[in-house]
Amino acid sequence: MSSAFAYRSSIFHAEAVPVPRIAEAYGTPFYCYARAELHRAYDDLASALQECGALICFAVKANGNLSIIRSFAERGAGADVVSVGELHRALAAGVPPEKIIFSGVGKTRAEIDAALATGIYQFNAESIPELEVLNAAGATLGRKIPLALRVNPDVDPRTHAKISTGRKATKFGIAVEQTGQALAAVQQLPQLDLCGIAMHIGSQLTAIQPFDEAFGVMAALVAEWRAAGHDIRRLDLGGGIGIRYAEETPPTPAAYAALVKKHFSGLKLQIAVEPGRFLTGNAGILVSRVIYAKRGGAKNFLILDAAMNDLMRPAMYDSWHDIVPVQAMPGSAVEHWDVVGPVCETSDLFGQDRALPALQSGDLVAFMGAGAYGASMASTYNARVLIQEIMADGDLFSLIRRPVNIEEQIAWDTDPVWVR
Ligand code: PLP
């Protein structure tokens, strides 16, 4: 549990703010982030990577709230984006275009045009057809495309299958054996300035060996491509550093940085990394209120006002989040609860047989480790509100995203205006 979220006199706090105060002010459910924890995570990684001179490009997909992006941008971070929407978010948060990397397997021509017009740092191309579209966009705008090829090193990241991208059976990157073909294509496409090589083998990596293996593949390719006459001056190592949700022991920033040094020091490469989860995961919680404590039958169910549409990870990845009562109840008997939301899906299940006190309707609980891939993956399924986000800073707190209520959502729909 991160130190930014802790009990003080039996009440769970976000920094120095009692969580019930926020619930009173804004209602539930809500995400709450600790500003100091965002900064601490960034500073830990930045100081470990300082010697490598690496540019940290926050992976906006982990959490696209402007205040979150800005909390890194104000410390010098760039951004890794995978859609024009994320590009606009990063720019709106004040990330300079020359620190933005555009990743993703399916960039459309319109997205490429928009990014090129702003003058971003780099496009990470993931296929040969994409190279042709990038070249055409460069020709139309009269610009050279700063290009890295994302290579799929075919390394098992040893993480959940649904967030594993490093094996060549996934859609990501260009297979090592196809890189010769990609380099030949680049030579025929005059608007492309092939300056870099990129990788990203998966998310929530808790072992260091897959990074070691993949970095080895990258270092060999840099040498090979340079020997073939390509001026490779940039290296993008992607994201993936895991965090502790339960008992994991992910690589420390120092261990990760030591590996970067081991493989790449002396190669004169401008290094970028794209962490998402590491920077925000443990800096956020989701706070929810018990609607009903439904006892009996085969199980006890704690039915919350947060649901799978607010925090998708357990339903999608079977992921674990610690769930804690906001008011500590040290004297209470421990019961076993299936913690669920109100959505009409059996997968709307946050945790099974969780040992928690005898909670009742109206009590508050907090989900730990909800700062990454929480709010950014939320949906309006079951016509539910997109929930609010709060930032805590010392003893202050502020709304940083207002809820999108049902009236607004109804206004998204239009009556048909038929055309042929
Ligand atoms: N970079 C790319 C290309 C990604 O696809 C992702 C997420 O999967 C990330 C960076 C961020 O990963 P993480 O949040 O695990 O650091």
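I'm checking my understanding of the structure. Among residues of region 135-167 that are surrounded by fewer than 22 Cβ atoms within 10 Å (Cβ to Cβ) and of a type in the set (Lys, Arg), which one is nearest to the ligand (Cβ to nearest atom)?
Only one residue fits best here, namely 162.
Considering every residue within region 273-282, establish whether at least one is closer than 24 Å to residue 19 by Cα and modelled with pLDDT under 95.
Taking every residue of region 273-282 in turn, none turns out to be closer than 24 Å to residue 19 by Cα and modelled with pLDDT under 95.
Somewhere in region 68-86, is a residue in contact (Cβ under 8 Å) with a residue 60 or more places away in the chain, open to solvent by less than 10 Å² (accessible area, probe 1.4 Å), part of a helix (DSSP H, G or I) and closer than 30 Å to residue 304 by Cβ?
There is at least one residue in region 68-86 that is in contact (Cβ under 8 Å) with a residue 60 or more places away in the chain, open to solvent by less than 10 Å² (accessible area, probe 1.4 Å), part of a helix (DSSP H, G or I) and closer than 30 Å to residue 304 by Cβ.
Please go through region 115-134 and pick out each residue that is away from the ligand (no atom under 15 Å from the Cβ) and open to solvent by 20 Å² or more (accessible area, probe 1.4 Å).
Correct list: 117, 118, 119, 128, 129, 132, 133.
May I ask you to list the residues in region 86-114 that are over 21 Å from residue 43 (Cα atoms), of a type in the set (Gly, Ala, Ser) and within 15 Å of the ligand (Cβ to nearest atom)?
Result: 103, 104, 106.
Filter region 226-259 for residues that are part of a helix (DSSP H, G or I) and surrounded by 21 or more Cβ atoms within 10 Å (Cβ to Cβ) and give the result.
256
Exactly one of these conditions fails for residue 288: (1) of a type in the set (Gly, Ala, Ser); (2) open to solvent by 10 Å² or more (accessible area, probe 1.4 Å); (3) more than 16 Å from the ligand (Cβ to nearest atom). Give me its number.
Among (1) of a type in the set (Gly, Ala, Ser); (2) open to solvent by 10 Å² or more (accessible area, probe 1.4 Å); (3) more than 16 Å from the ligand (Cβ to nearest atom), residue 288 violates only (2).
Give the residues of region 260-285 that are outside any strand (DSSP E or B), open to solvent by less than 20 Å² (accessible area, probe 1.4 Å) and within 16 Å of the ligand (Cβ to nearest atom), sorted by residue number.
Listed by number, the residues that qualify are 260, 274, 275, 276, 277, 279, 280, 281, 283.
Got a sec? Which of 13, 39 is in a strand (DSSP E or B), of a type outside the set (Asp, Glu) and more than 15 Å from the ligand (Cβ to nearest atom)?
Only one candidate passes the filter, namely 13.
Could we say that residue 330 is open to solvent by 50 Å² or more (accessible area, probe 1.4 Å) and over 21 Å from residue 6 (Cβ atoms) here?
It is false that residue 330 is open to solvent by 50 Å² or more (accessible area, probe 1.4 Å) and over 21 Å from residue 6 (Cβ atoms).
Right, residue 310: of a type in the set (Asp, Glu), out of contact with any strand residue (DSSP E or B) (no Cβ under 9 Å at 6 or more places or on another chain), in contact (Cβ under 8 Å) with a residue 60 or more places away in the chain and closer than 30 Å to residue 60 by Cα or not?
Criteria not met by residue 310.
The values are calculated or read from the model by the stated rules, or taken from the named source; none is laboratory data. If you're wondering where the values come from, they're calculated on a predicted model, not measured in any experiment. No Cβ is skipped: glycine too gets one built from the backbone with ideal geometry, and neighbour counts run over all protein chains shown. Heavy atoms of the whole protein, side chains included, go into the accessibility calculation; ligands, DNA and RNA do not. Shrake-Rupley method; radii C 1.70, N 1.55, O 1.52, S 1.80 Å.
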